[in-house]
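Derivation of every value follows stated rules applied to the coordinates shown; laboratory data play no part. Source: prediction; values computed, not measured. Cβ placement follows ideal geometry from the backbone for every residue including glycine, while neighbour counts extend to all protein chains displayed.
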Amino acid sequence: KVEEIRESGQKVLVFTQWVREGVDKIAVALAPFGVVAFDARLSATQRESAVQRFREDPKVTAFVATVKSAGVGLTLTEAAYVIHFDHWWNPAWMWQAEDRAHRRGQVQPVNVYSLWMADTIEARVHELLQRKGLLLEEVIDGLSESAAEGVISVRDWLDVLGVVAPERAGRSAGAG
């Protein structure tokens, strides 16, 4: 996808929740397309330089960042694409990260892609969020991080992780 984006003369924001297993490895993989890596390890000066390089260098196609480090306070309207390589459990953080491209001054439609690995905890969280209705368009605009936290119960999280709640385990043992 990044190759297509580069060939079209566009830029992309790639978000991950991890630094070493995310930003570092993705940046290496995308190096042939021109990449800027951005995470909390950078000093304020390095962050400014990374943003400026992404904005101004036509050889740089991808801005790879953690959701938390680049999710607030940046305007990156040079990008017409956003890719979520992996996902934060709370979709509000992801939407906030996407908003880096959806800012005043954006003149292009912004395309957002999410990559999901089958049979993972991440996929089960996605299923849970869909079941709870958190990914519906009507909810997205008004959902805050604190609102999302109250919607998913401890039992929901235990189910996602495949852990049987203690009260359910006792019933199961006695039923056999």
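Excluding Asp57 itself, calculate the net charge of residues whose Cβ lies under 12 Å from the Cβ of Asp57, where each Lys or Arg counts +1 and each Asp or Glu counts -1. Write out the running numbers ahead of the final one.
Working: positive: Lys11, Arg53, Arg55, Lys59; negative: Glu56, Glu78.
Every neighbour counted, the sum reads +2.
Read phi for every residue in region 97-105 and hand back ³J(HN,Hα) as whole Hz from Karplus 6.51 cos²θ - 1.76 cosθ + 1.60, θ = phi - 60°, with x for Gly and Pro.
In residue order, the calculated couplings are 5, 4, 5, 4, 8, 8, 10, 4, x Hz.
Per residue of region 6-22, what does 6.51 cos²θ - 1.76 cosθ + 1.60 with θ = phi - 60° give for ³J(HN,Hα)? Whole Hz please, x for Gly and Pro, Karplus curve as stated.
4, 4, 7, x, 9, 10, 9, 9, 10, 10, 9, 9, 10, 9, 5, 8, x
Are there any trypsin sites (Lys or Arg not before Pro) in region 55-130 that are in a DSSP loop and have at most 11 other Cβ atoms within 10 Å? List them by number.
Counting only loop positions with at most 11 other Cβ atoms within 10 Å, the trypsin sites (Lys or Arg not before Pro) in region 55-130 are Lys59, Arg104.
Between Arg104 and Gln46, what is the label-point separation in nm under the 7 Å Cα-to-beta-carbon projection?
It is 3.2 nm.
Excluding Val110 itself, what net charge comes from residues whose Cβ is under 12 Å from its Cβ, given Lys and Arg +1 and Asp and Glu -1? Please report the intermediate quantities before stating the final value.
Working: positive: Lys11, Arg100, Arg103; negative: Glu78, Glu98, Asp99.
Overall, the nearby charge balance is 0.
Are there chymotrypsin sites (Phe, Trp or Tyr not before Pro) in region 37-117 that DSSP puts in a loop and that have at most 15 other Cβ atoms within 10 Å, and which ones? Let's see the in-between values first.
On the way: sites: Phe38, Phe54, Phe63, Tyr81, Phe85, Trp88, Trp89, Trp93, Trp95, Tyr113, Trp116; in loops: Phe85, Trp88, Trp89, Trp116.
Those that pass, being in a loop and sparsely packed, are Trp116.
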